[in-house]
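Heads up: the structure comes next, in structure tokens.
The values are calculated or read from the model by the stated rules, or taken from the named source; none is laboratory data. Keep in mind the model is a prediction, meaning the values are calculated, not measured. Glycine gets a Cβ as well: all are built from the backbone with ideal geometry, and neighbour counts include every protein chain shown. Accessible surface is based on the protein model in full, side chains and every heavy atom, while ligands, DNA and RNA are left aside. Shrake-Rupley method; radii C 1.70, N 1.55, O 1.52, S 1.80 Å.
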Amino acid sequence: DGGITQSPKYLFRKEGQNVTLSCEQNLNHDAMYWYRQDPGQGLRLIYYSQIVNDFQKGDIAEGYSVSREKKESFPLTVTSAQKNPTAFYLCASSIYGYTEAFFGQGTRLTVV
Amino acid sequence: KNQVEQSPQSLIILEGKNCTLQCNYTVSPFSNLRWYKQDTGRGPVSLTIMTFSENTKSNGRYTATLDADTKQSSLHITASQLSDSASYICVVSVGSQGNLIFGKGTKLSVKP
């Protein structure tokens with residue numbers, strides 16, 4: 001099955017901890033994206049990557065970090081510097097920046 | 001400032017009825033406009049994508065329209081079903097890089 005997979009579906013973090021959200025795709029897409037979704041808000045771009053070993057900050061990158069060592073993988077680390085990390089995180093991929101974007105099923109992160 | 005505004009914020013209709021969701025955008029330069037359906041706790045799924053030259057595009061019971069002059073789009077749902085209950089998100093792609101501007105969505109509830 002081709003697709004984009006996020007894991008875990010639910011994640012709980014203690015204050016002061018870093019956590020890493022996984023995003024894997026087998027669609028052979030060049031571009032990958034991380035979005036944050038809060039209730040009543042539109043999706044906001046955290047980071048994006050258009051090729052391996054390169055990534056760019058989005059609108060709300062502070063407190064987050066990413067890596068793109070492989071075309072298939074784009075993990076997102078939520079660091080302790082992110083003061084309000086509780087949210088629904090969505091990963092997406094596309095062949096190129098302006099073509100159809102496919103989304104994963106999301107990871108709901110909660111700070112406990 | 002690039003913005004996408006959707007209305008109404010929420011909508012309740014009876015099963016079998018039709019409805020229309022609105023999207024107004026102020027985005028430049030415009031690349032394309034997409035409508036996504038997002039079930040609660042899931043990732044968005046694409047319904048339609050339209051470029052500047054397309055006025056109408058259908059996907060089953062979903063029909064999207066685009067008026068590039070007035071910068072308005074609508075999503076018409078025909079003969080609604082309970083499974084149509086979801087948030088519908090209007091997304092506009094900007095320029096050649098394809099940065100995506102998300103609306104906040106319209107939450108549709110279809111009641112029996």
TODO: Take the alpha-carbon positions of the range A:1-111, form their convex hull, and give its projected area averaged over all directions (one quarter of the hull surface) in nm².
DONE: 6.5
TODO: Would you mind checking the pairs A:9/A:83; B:17/B:104; A:9/B:57 and listing those with alpha carbons more than 27 angstrom apart?
DONE: A:9/B:57
Open item on the list: Per 0.36 nm of contour for each residue apart, how much would the distance between residue B:56 and residue B:68 grow if the chain were fully extended, relative to their Cα-Cα spacing?
Closed with: 3.2 nm
TODO: With the Cα gyration tensor of the protein assembly as shown in hand, give its eigenvalues times 5 under a square root as the equivalent ellipsoid semi-axes, listed largest first in whole angstrom.
DONE: 29, 20, 16
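Hey, what did the range A:36-89 get for relative contact order, percent, Cα under 8 Å, at least 6 apart?
Contact order relative to length: 31 percent.
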Open item on the list: Give me the extension gain from residue A:80 to residue A:57: residue separation times 0.36 nm, minus the current Cα-Cα distance, reported in nm with one decimal.
Closed with: 6.5 nm
- [ ] Quick one: check the C-alpha center-to-center distance for the range B:39-108 versus the range A:37-89, whole angstrom.
- [x] 24
Open item on the list: What's the total accessible area buried between chains A and B, using a 1.4 Å probe, rounded to the nearest 100 Å²?
Closed with: 1600
Open item on the list: Using the crude model of +1 on Lys and Arg Cβ and -1 on Asp and Glu Cβ, and no other charge, please compute the dipole size for the range B:14-112 relative to its Cα centre, in debye to 20.
Closed with: 240
Task: Hydrodynamic radius by Kirkwood, which averages 1/r over all alpha carbon pairs of the range A:13-53, in angstrom - done: 12.7
- [ ] Please give the per residue volume of the convex hull enclosing the alpha carbon atoms of chain B, rounded to a whole number of Å³.
- [x] 93
